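Just below is one structure, and these are the notes that go with it.
Each reported figure results from applying straightforward, stated rules to the coordinates on display, with no laboratory input. The structure displayed is predicted, hence computed values, not measured ones. FYI the Cβ positions are ideal-geometry reconstructions off the backbone, even for glycines, and counts take in every protein chain you see.
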Amino acid sequence: MAISPKELIEKGVLYLRLTQLDLAIPLLEQAFQSALIQNNFKLALQAQIYLLRVWAEKENFLAISKLKVEIIEIALKNNISLESPFYYTIGICSFYQNNFAEAKLYFETAHLKAQSETPIHQAHSELGLAIIKTESGELSSAIEHIQCAKQISNQLASAFSSSASSAPPPSPDLQIMILLNEGKILRCQKNYNKALELFQSALEIDKYHKNLFAYLYLLYEISLTYFSLNNFSFARLYLDLALNSCPEKDLIRLEKLLKELKLKLIDQDYDFFIHKTERKIVDRVRGEISFNRQELILDILLHLIENQGQAFSKEALGTRFWSNHYKPETHDNKIYVTIKRLRNAIEDNLKKPRYILHSREGYYFNKSIKVAIQA
């Protein structure tokens, strides 16, 4: 018995959810051809739209361009009005290509179309706008769109729970995507703990829904959030989970994101990480060190680090940082007090300093400390 186009699409989407994209492609292509033979253009276009998403994750932008033209030609030839899912998916494809202006136009078109379509379409169109607003830094606007999507999702759940209603069941995938994107916005707002709560809530839903595709993106977002918190051990833990679960040469985009984060985490194998342009110091264990606008002690620390292991006498420090000839009665107390303040800022144990050491020749930054400097 021949499998119907609808069943082929369902199987293709199942493989997409399981991140087995190479198995999803032939099923969706077969669904497209079968639907065309039956003159079921709505199903044919649905298969093509899922294929667009597959090619986006595989970063096959040539296939996306070809498919986009085919979809538009079919729609024009058969006098079909393309609905919001097409524009939403094309928006995602443009977003993945870093063509944000084009993505914004597609998401706005999806939003406009969705107003006369189903609540699910409306929710996804709100998500699209939230995604592009987050990218452009318009976080307040992004939150508004997320709240609209959440409200629609809650209404669907409420309608479904009513015994007298024939409403469709709420989509767990939609709930996960809302939580995922809301968490991303909160991470951008540096509300890291709340972001982690939302990601964990999404994982709880996914635990029963088994969407590996969403699961991997959630692991990445959690790892990135812990990285932003300078909690590198937890960031590595979730990153390793994602890397170990991510299929090779399938989810190309996600794999690139994971590897980029892995490189950043490798940098954190250093004891000290210096962001020179931001004048930010990060200790591997303690995280970012606050100098409370004490620019002088930060300048001295950077000087010692840039000349790691080289000792600087009181004379050298006095002349360099107080801009006049060294005089013991003038400079000695200043130097002692400044070094003490510097040690207070960075040392765990002042009785046994680990970073700022002293020898006959003067003060120096411990040669054995691993330091990475980002210009």
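Points worth noting:
- Flagged links, alpha-carbon separation over 28 Å, of LYS194/LYS351; LYS184/LYS249; LYS194/LYS256: LYS194/LYS351
- Principal-axis analysis of the Cα atoms of the chain puts helix 295-306 at an angle of about 90° to the longest axis.
- Matching label, Kirkwood radius over Cα pairs in Å computed from the structure shown, candidates (1) 22.5; (2) 21.2; (3) 24.3: (3)
- Residues of the chain were split at every exposed loop site, defined as GluC sites (Glu not before Pro) in a DSSP loop with at most 12 other C-beta atoms within 10 angstrom, and the longest piece left, sites excluded, is 1-247.
- Between the helical axis of 232-245 and the longest alpha-carbon principal axis of the chain there is an angle of about 30 degrees.
- Sparse-neighbour loop sites [trypsin sites (Lys or Arg not before Pro); the stretch 37-83; at most 12 other C-beta within 10 Å; DSSP]: none
- Set of lysines with alpha-carbon distance to LYS190 below 20 Å, sequence-local pairs under 8 removed: LYS133, LYS264, LYS280
- Within straight-line reach of LYS77, meaning a Cα separation under 23 Å, sit the following lysines at least 8 residues removed in sequence or on another chain: LYS6, LYS42, LYS66, LYS68, LYS113.
- The calculated 222 nm mean residue ellipticity attributable to helices in the chain amounts to -22500 deg cm²/dmol, summing -39500 (n - 2.57) over DSSP H runs of n ≥ 4 and dividing by all residues.
- Among the trypsin sites (Lys or Arg not before Pro) in the stretch 186-274, those placed in a DSSP loop whose Cβ has at most 12 other Cβ atoms within 10 Å are LYS190, LYS210, LYS249.
- To the nearest ten degrees, helix 172-188 and the longest principal axis of the Cα atoms of the chain are 30 degrees apart.
- Charge tally for LEU112 (other residues, Cβ to Cβ under 13 Å; Lys, Arg +1; Asp, Glu -1): -2.
- Straight-line reach from LYS210: taking Cα to Cα under 16 Å and skipping same-chain neighbours fewer than 8 places apart, the lysines in range are LYS11.
- Summing +1 for each Lys or Arg and -1 for each Asp or Glu among the other residues whose beta-carbon sits under 15 angstrom from that of GLU329 gives +1.
- Order of SER323, SER84 - criterion: other Cβ atoms within 10 Å of each residue's Cβ, fewest first: SER323, SER84
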